[in-house]
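Take a look at the structure set out below.
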Amino acid sequence: QVQLVESGGGLVQAGGSLRLSCAASGRTLGSYVMGWFRQAPGKEREFVAAITWSGGSTYATDSVKGRFTISRDNAGNSVYLQVNSLKPEDTAVYYCAAGRGVIIRDHTTYAYWGQGTQVTVSS
């Protein structure tokens, strides 16, 4: 089992920044992929970014490239999502996820999920 706890969400004005954190515990994450997904009201959960725990390879959806950065802290067993230049359309609940053998952008292939953290961007 892997337990994930997100933090760092909040209310910001357009153009602002936040740093989302995901603290992982329960298992060694060497073979895992860690992902960030988001879900806005009335919409499906969508892929935001992902990082491989072992090699640190990163992936991001086109709409956040250049604005969001995913990183990991191996020693602290944490994953971060730095979100800059926020737009109202970034408003959503952001979820941290972990899995092995995943399809990077497919949320249904991730086995473990956090409870989510709300990000609200005002215009």
Kindly provide the set of residues from segment 44-54 that are open to solvent by less than 60 Å² (accessible area, probe 1.4 Å) and in a loop (DSSP other than H, G, I, E, B), ordered by number. Trp53
So which of Ala98, Ala92 ends up being closer than 19 Å to Lys43 by Cα, open to solvent by less than 10 Å² (accessible area, probe 1.4 Å) and touching a residue at least 12 places away in the same chain (Cβ under 8 Å)? Ala92
What number of residues within segment 6-38 satisfy the criterion of being under 15 Å from the mean Cα position of the chain (by Cα) and not in a strand (DSSP E or B)? 4
Here the residues within segment 49-62 that are without any contact (Cβ under 8 Å) to a residue 24 or more places away in the chain and closer than 13 Å to Phe37 by Cα are Ala60
Unmet requirement for Val83, which otherwise passes all of (1) surrounded by 21 or more Cβ atoms within 10 Å (Cβ to Cβ); (2) under 16 Å from Val119 (Cβ atoms); (3) without any contact (Cβ under 8 Å) to a residue 60 or more places away in the chain; (4) among the β-branched types (Val, Ile, Thr): (3)
Do we find a residue being basic (Lys, Arg) and buried (at least 16 other Cβ atoms within 10 Å of the Cβ) anywhere in segment 35-43? yes
If I go through segment 9-46 residue by residue, how many of them are in contact with a helix residue (DSSP H, G or I) (Cβ under 7 Å, 6 or more places away or on another chain) and aromatic (Phe, Trp, Tyr)? 1
Since Ala23 meets every condition but one in (1) free of Cβ contacts under 8 Å to residues at least 24 places away in the same chain; (2) open to solvent by 30 Å² or more (accessible area, probe 1.4 Å), which condition does it not meet? (1)
Of the residues in segment 58-80, those that are surrounded by fewer than 13 Cβ atoms within 10 Å (Cβ to Cβ), in a loop (DSSP other than H, G, I, E, B) and at pLDDT below 95 come to Asn74, Ala75, Gly76
List every residue pair whose Cβ atoms sit under 7 Å apart, with the two residues 6 or more apart in sequence or on different chains, where the first one lies in segment 101-123 and is closer than 11 Å to Phe47 by Cα and the second, anywhere, is part of a loop (DSSP other than H, G, I, E, B) and open to solvent by 40 Å² or more (accessible area, probe 1.4 Å). His107/Arg45
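The values are calculated or read from the model by the stated rules, or taken from the named source; none is laboratory data. Here the structure is a predicted model, which means the values were calculated and not measured. Neighbour counts run over all protein chains shown; Cβ positions are idealised from the backbone, glycine included. Protein only, heavy atoms only, side chains kept; ligands, DNA and RNA dropped before computing areas. Shrake-Rupley method; radii C 1.70, N 1.55, O 1.52, S 1.80 Å.
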